[in-house]
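Q: Have a look at this one before I ask anything.
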Amino acid sequence: MIHSKLPNVGTTIFTRMSQLAAETGALNLSQGFPDFAAPAALCEAVGRHITAGHNQYAPMTGLPALREQVAAKVATFYRRQVSSDSEVTITPGATEAIFCAIQAVVQAGDEVIVLDPSYDSYEPSVELAGGRCVHVPLALPGFSIDWQRMHDALSSRTRLIIINSPHNPSGALISRAELDQLAELIRDRDIYLISDEVYEHLVFDGAQHVSVLQHDELYARAFVISSFGKSYHVTGWKTGYVVAPPALSAELRKVHQYVNFCGVTPLQWALADFMAEHPEHLAELPGFYQGKRDLFCDLLAVSRFSFTRAPGTYFQLVDYSAIRPELDDVAMSEWLTREHGVAAIPVSVFYQSPPKDLRLVRFCFAKREETLRQAAEKLCAI
């Protein structure tokens, strides 16, 4: 008899909707991955390093050249000097980084505050550490932090708070004032912070991403996590990183070395080369993805969906209340996929207790122009 450690966990909605899209031949705007090529120079670098023999284990903490590039990026974008040796850790994906950070600081009986809607890996990782998630809903319609609910959720057992900006699924951004408010709220408490910033370079309309790396007080107790996959169009490479103060990095590495030990070596070499040789790539990302967002939203303007353009990420939420209000968002996502050939993700799956009147689905616009035009044509015909 198996006694599951995760009895409430099944196949993720992302897998289910991608499978349904494949079965029905629908355009897959559900799972968050590009359908266009990664930079040619980056792909060429992988082959070069494989041929050069860089195929054995990388150091547990990550290839030194790549850690140095991350430290340089942090200095350029966030004006923080971090040690590539003691504060930067390369991981096989941001999800592994999140898992290891949670295991490093959460013990049996601890509570972890997550802000709903929230990424689906947070809670299972907390449960495996013996902790319990306390879900605090973000305030609608803008998905901002409800500070009264956040205050009320704190207890003597709170050990960790997980924040996510730019926010998946809404694209909402956390401001400097909100980081200041968070710092004030936890100043005299023994609470750690995970800042999930995997979409850090996908911020639009002239706005700037506000990182915990820019906040001295919060960074002192934080794991800041990001993703090369999101920033370089290579989600299948599953390569990410953590920046954290030396003491927290040391605890994270204790876990990381027994989960994956290290990331894929030639991919790390290729990323290090590309970051050094093409610093313009990150600077151009906001405009690149804003162009895709604007194309998709402009095309949907004549549809029966209503929406506010996403401030960040490569996801766009749309409200379908004027189309099929009698359907919950899971049923609506399946209906869109089966009947209209466009796969979406229901927003309710990101909640512990979704609002009863929630009528939102999420589309990914990290797609070729052709894909976006085809999808919008189908959606506008509804």
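Q: Which helices (runs of 4 or more DSSP H) sit wholly inside the stretch 1-101 and have at least 1 residues that are polar (S, T, N, Q) and more than 22 Å from the chain's Cα centre (by Cα)?
A: 13-24, 40-51
Q: Does Leu63 qualify as being buried (at least 21 other Cβ atoms within 10 Å of the Cβ), touching a strand residue (DSSP E or B) at 6+ places or on another chain (Cβ under 7 Å) and under 24 Å from Gly263 (Cα atoms)?
A: Values: buried (at least 21 other Cβ atoms within 10 Å of the Cβ): yes; touching a strand residue (DSSP E or B) at 6+ places or on another chain (Cβ under 7 Å): yes; under 24 Å from Gly263 (Cα atoms): yes.
So Leu63 fits the description; yes.
Q: Which residue, of Gly53, Gly47, Gly93, is closer than 30 Å to Glu369 by Cβ, without any contact (Cβ under 8 Å) to a residue 24 or more places away in the chain and in the same structural domain as Pro246 (by TED's automatic domain parsing)? Spell out the reasoning first.
A: Values: Gly53 fails: closer than 30 Å to Glu369 by Cβ; Gly93 fails: without any contact (Cβ under 8 Å) to a residue 24 or more places away in the chain.
On inspection, the qualifying residue turns out to be Gly47.
Q: Looking only at the stretch 141-161, decide whether some residue is farther than 29 Å from Thr239 by Cα, outside any loop (DSSP other than H, G, I, E, B) and among the aliphatic types (A, V, I, L, M).
A: yes
Q: Just for the stretch 7-32: of the residues that are among the small types (Gly, Ala, Ser) and without any contact (Cβ under 8 Å) to a residue 12 or more places away in the chain, which one is surrounded by the fewest Cβ atoms within 10 Å (Cβ to Cβ)?
A: The selected residue is Gly10.
Q: I would also like to ask the following. Testing Asp35 on (1) in contact with a Lys or Arg (Cβ under 6 Å, 6 or more places away or on another chain); (2) surrounded by fewer than 14 Cβ atoms within 10 Å (Cβ to Cβ), one condition comes back false. Which one is that?
A: Failed condition: (2).
Q: Any residue in the stretch 249-264 that is closer than 16 Å to Pro64 by Cβ and in the same structural domain as Val106 (by TED's automatic domain parsing) sitting within a Cβ distance under 6 Å of a residue that is surrounded by fewer than 19 Cβ atoms within 10 Å (Cβ to Cβ) and among the β-branched types (Val, Ile, Thr)? List the pairs, counting only those 6 or more apart or interchain.
A: none
Q: If you take the residues in the stretch 151-210 that are of a type in the set (D, E, K, R) and crowded, with 20+ Cβ neighbours inside 10 Å, which one is farthest from the chain's Cα centre (by Cα)?
A: In the first step, residues of the stretch 151-210 are kept if they are of a type in the set (D, E, K, R); the result is 152, 157, 159, 176, 178, 180, 184, 187-190, 196-197, 200, 205.
Adding the requirement that they be crowded, with 20+ Cβ neighbours inside 10 Å leaves 159, 196-197, 200.
Numbers: Arg159: 22, Asp196: 6, Glu197: 6, Glu200: 9 Å.
Out of the qualifying residues, it is Arg159.
Q: Here's another thing I want to ask about it. Quick one: which residue in Ser306, Ser333, Ser321 is of a type in the set (S, T, N, Q) and crowded, with 23+ Cβ neighbours inside 10 Å?
A: Among Ser306, Ser333, Ser321, only Ser333 is of a type in the set (S, T, N, Q) and crowded, with 23+ Cβ neighbours inside 10 Å.
Q: While we're looking at this one, here's another question. Mind checking which residues of the stretch 162-182 are out of contact with any helix residue (DSSP H, G or I) (no Cβ under 7 Å at 6 or more places or on another chain) and part of a helix (DSSP H, G or I)?
A: So in the stretch 162-182, the residues out of contact with any helix residue (DSSP H, G or I) (no Cβ under 7 Å at 6 or more places or on another chain) come out as 163-168, 170-178, 180.
Selection gives Arg176, Ala177, Glu178, Asp180.
Q: How many residues does the stretch 163-221 hold that are at positive phi and either in contact with a Phe, Trp or Tyr (Cβ under 8 Å, 6 or more places away or on another chain) or in contact (Cβ under 8 Å) with a residue 40 or more places away in the chain (or both)? Before the answer, list the steps.
A: The initial filter retains those residues of the stretch 163-221 that are at positive phi, namely 171, 205-206.
Still in the list and also either in contact with a Phe, Trp or Tyr (Cβ under 8 Å, 6 or more places away or on another chain) or in contact (Cβ under 8 Å) with a residue 40 or more places away in the chain (or both): 171, 205.
Looking only at that region, the number is 2.
Q: Could you please give the count of residues in the stretch 102-138 that are in contact with a strand residue (DSSP E or B) (Cβ under 6 Å, 6 or more places away or on another chain) and in a helix (DSSP H, G or I)?
A: Of the residues in that region, 4 qualify.
The values are calculated or read from the model by the stated rules, or taken from the named source; none is laboratory data. None of the values given here were measured: they were computed from a predicted structure. Cβ: placed from backbone, ideal geometry, glycine included. Neighbour counts: every protein chain shown.
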